[in-house]
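What follows is one structure encoded as structure tokens, with my remarks underneath.
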Amino acid sequence: MGPQAQGSTRSENDRSTATTVAVVGAGMSGLIAARALHRQGIDVLVLESADRPGGRMMAETSPLGSRLDVGGQWVGHDHRRFIALAAELGTTLFPMHTPKRPDVIAGNRKLAVCGPVMLTANAVLLSWEIRSRLGAPRGWESQTVEAWLRKVPGRKVRRLLEVLVAVSTTSDPDRYSMHAFAATVRHQGGLAAMLSTRGGAQEGLIAEGAGTLTERLAAELGPRLLTGRRVTSIRRHSGGVTLHTAYGDVQAAKAIVSVPPPMSARIVYDPPLPANRTELEQNTYMGSVHKAIAVYERPFWRERKRQAEAVFLDKPGRALFDTSLPGGPGHLCVLVAGPEARELDRLDVDDRRRALLRPLVAHLGPEVLEPVSWHEKPWHLDEHVGGGYAALPLPGSRAGYFPMPSDPVGDIHWAGTETAEEHAGYVEGAIESGERAAREVIDSLLGTAGTG
Ligand SMILES: Cc1cc2nc3c(=O)[nH]c(=O)nc-3n(C[C@H](O)[C@H](O)[C@H](O)COP(=O)(O)OP(=O)(O)OC[C@H]3O[C@@H](n4cnc5c(N)ncnc54)[C@H](O)[C@@H]3O)c2cc1C
């Protein structure tokens, strides 16, 4: 069939809607796919289970009027699709304020760059880097990060490495293998690229908030995007696919499922998906991460020549970044990941804010306890997204290594950052996957699939 519009009707009371392509999920990848199809004149309908588009991207406005991201925010050095999209959608990119190297803080003490803890930790990081390039030993497949770290000499060294792995991947150390970590490091072009600000994955920020991009893409789609529509089942048949939601069925020639495998596992597929996809869904989980931003009138720590970028080893282990906009206000971004992120769920918001800010007093000054506003999101509690930054493989399985498989299953195509060839897990990967899924669908609707 050709890619013409089918004149869908989309009132809330409709029990059945028809479209050419149904996209499941309005995160970056689903929105990019839908926009590409719409631009080709193909009738498309995006079904999003949450009451907002954006998925793992979400911008908020502080009382001072500044925009900030409680979800994905950094634009990596070579994230060229993300950079191009930010420019196309009229937003402003600025380089992150970053020191030569982050401080590492244990208790109230800054660890010396040339001290034994840092030297040993750097030697281990170098060995991981080399292992990731050469290919990690098979024995690492069933060895968890937790078990591997037990062999590292020095409590503080182990702790620093544990916090670095958690904050860079959002994994649980007892549910993530060293092999998977090494494979991720290799996929992302090395540890330096993953952990660095300048020249790495945390190089730039968007003044209007990265979440503004998904907001603007969603606005462009207008009535072609429906929120509050969780897809609970997808049936494949000779006429295409039928997607079931609580508001009724959607008939489509094709579906693009843009949710990560652990969330796809909550959808019933009829007939069932092939073994490689069910294996993927059963052997992956979403990471745990608590992200918070404290907003201040000014980045006061800079006036005292204190740098805010740091890794804190005391529990909860956390990474701190100075994400202030040029000219202010001051934004401090805190990331806690893995099991220690879930431990924060037990506190109420005031206790959590104090627990995360009090240890910064010695480092930045007492004003740190009095932010103008506090913005936070425990992503592992988001029932629609499931967690972040990305889906992770369970130890002993390679099913969830990046890039995760995206071979179409009949008329179902797959998007989502986890499927990207480049920078899977990042916004860049989400954009790449959305473009690829749209291309696949266009080619197959035009009957050109496989003809180059
Ligand atoms: C705290 C945090 C910080 C991050 N920081 C960065 C960063 O600095 N830089 C960076 O590049 N990346 C970052 N990331 C990762 C980045 O945000 C993601 O890679 C990207 O947003 C994923 O987009 P996606 O479209 O693949 O998936 P998602 O955003 O997860 O989109 C999937 C959508 O599907 C919806 N959905 C799920 N199930 C159903 C269903 N059954 N029916 C209908 N809809 C459904 C979900 O609600 C969601 O909206 C971060 C992520 C998090 C959580």
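Within the stretch 376-386, restricting attention to residues that are more than 7 Å from the ligand (Cβ to nearest atom) and outside any strand (DSSP E or B), which residue is surrounded by the fewest Cβ atoms within 10 Å (Cβ to Cβ)? Top of the filtered list is GLU383. Examine the stretch 120-137 for a residue that is of a type outside the set (Ser, Thr, Tyr), closer than 21 Å to GLU208 by Cα, buried (at least 17 other Cβ atoms within 10 Å of the Cβ) and not assigned by TED's automatic domain parsing to the domain that holds GLU428, and state whether such a residue exists. Checking the stretch 120-137: not a single residue is of a type outside the set (Ser, Thr, Tyr), closer than 21 Å to GLU208 by Cα, buried (at least 17 other Cβ atoms within 10 Å of the Cβ) and not assigned by TED's automatic domain parsing to the domain that holds GLU428.
Within the stretch 403-452, being within 13 Å of the ligand (Cβ to nearest atom) and either of a type in the set (Asp, Glu) or in contact with a His (Cβ under 6 Å, 6 or more places away or on another chain) (or both) holds for GLU418, GLU422, GLU428, GLY429, GLU432, GLU435, ALA437. Remark: pairs (first residue in the stretch 103-131, without any contact (Cβ under 8 Å) to a residue 12 or more places away in the chain; second residue surrounded by 12 or more Cβ atoms within 10 Å (Cβ to Cβ) and in a helix (DSSP H, G or I); Cβ separation under 6 Å; 6+ apart in sequence or on different chains) are absent.
Quick grid of which residues meet (1) among the β-branched types (Val, Ile, Thr); (2) within 11 Å of the ligand (Cβ to nearest atom); (3) not assigned by TED's automatic domain parsing to the domain that holds THR232:
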| residue | (1), (2), (3) |
| --- | --- |
| VAL46 | yes, yes, no |
| GLY65 | no, no, yes |
| GLN73 | no, yes, yes |
| HIS79 | no, yes, yes |
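Pull up the stretch 340-358, narrow it to residues that are buried (at least 17 other Cβ atoms within 10 Å of the Cβ) and of a type outside the set (D, E, K, R), then point me to the one that is farthest from ASP174 (Cα to Cα). In this case the residue turns out to be LEU357. Screening the stretch 220-300 for strands (runs of 3 or more DSSP E) wholly inside it with 2 or more residues that are within 11 Å of the ligand (Cβ to nearest atom) and of a type outside the set (Asp, Glu) returns the ranges 233-237, 240-245, 248-257, 289-296.
Out of ILE42, ILE32, report the one residue that is away from the ligand (no atom under 15 Å from the Cβ), modelled with pLDDT of 95 or more and over 28 Å from VAL334 (Cβ atoms). Testing whether each residue is away from the ligand (no atom under 15 Å from the Cβ), modelled with pLDDT of 95 or more and over 28 Å from VAL334 (Cβ atoms) leaves just ILE42. Filter the stretch 301-325 down to the residues that are within 23 Å of LEU164 (Cα to Cα), within 16 Å of the ligand (Cβ to nearest atom) and in a loop (DSSP other than H, G, I, E, B) and list them by number. GLU309, PRO316, GLY317, THR323, SER324, listed by residue number.
In the stretch 370-396, the residues that are within 29 Å of SER142 (Cα to Cα) reach residues that are among the basic types (Lys, Arg) and near the ligand (Cβ under 9 Å from one of its atoms) with C-beta atoms within less than 8 angstrom, at least six apart or across chains, in these pairs: TRP379/ARG56; TRP379/LYS291; VAL385/ARG56; GLY388/ARG56; TYR389/ARG56.
Every residue in the stretch 314-328 that is in contact with a helix residue (DSSP H, G or I) (Cβ under 8 Å, 6 or more places away or on another chain) and surrounded by fewer than 21 Cβ atoms within 10 Å (Cβ to Cβ), please. If the condition is that a residue be in contact with a helix residue (DSSP H, G or I) (Cβ under 8 Å, 6 or more places away or on another chain) and surrounded by fewer than 21 Cβ atoms within 10 Å (Cβ to Cβ), then ASP314, LYS315 are the ones that fit.
The residues on offer are THR214, THR184, and the sole one that is assigned to a helix (DSSP H, G or I), within 11 Å of the ligand (Cβ to nearest atom) and among the polar types (S, T, N, Q) is THR214.
The values are calculated or read from the model by the stated rules, or taken from the named source; none is laboratory data. Since the structure is predicted, the reported quantities are computational estimates derived from the model, not experimental observations. Positions of Cβ are backbone-derived with ideal geometry, glycine not excepted, and every protein chain shown enters the neighbour counts.
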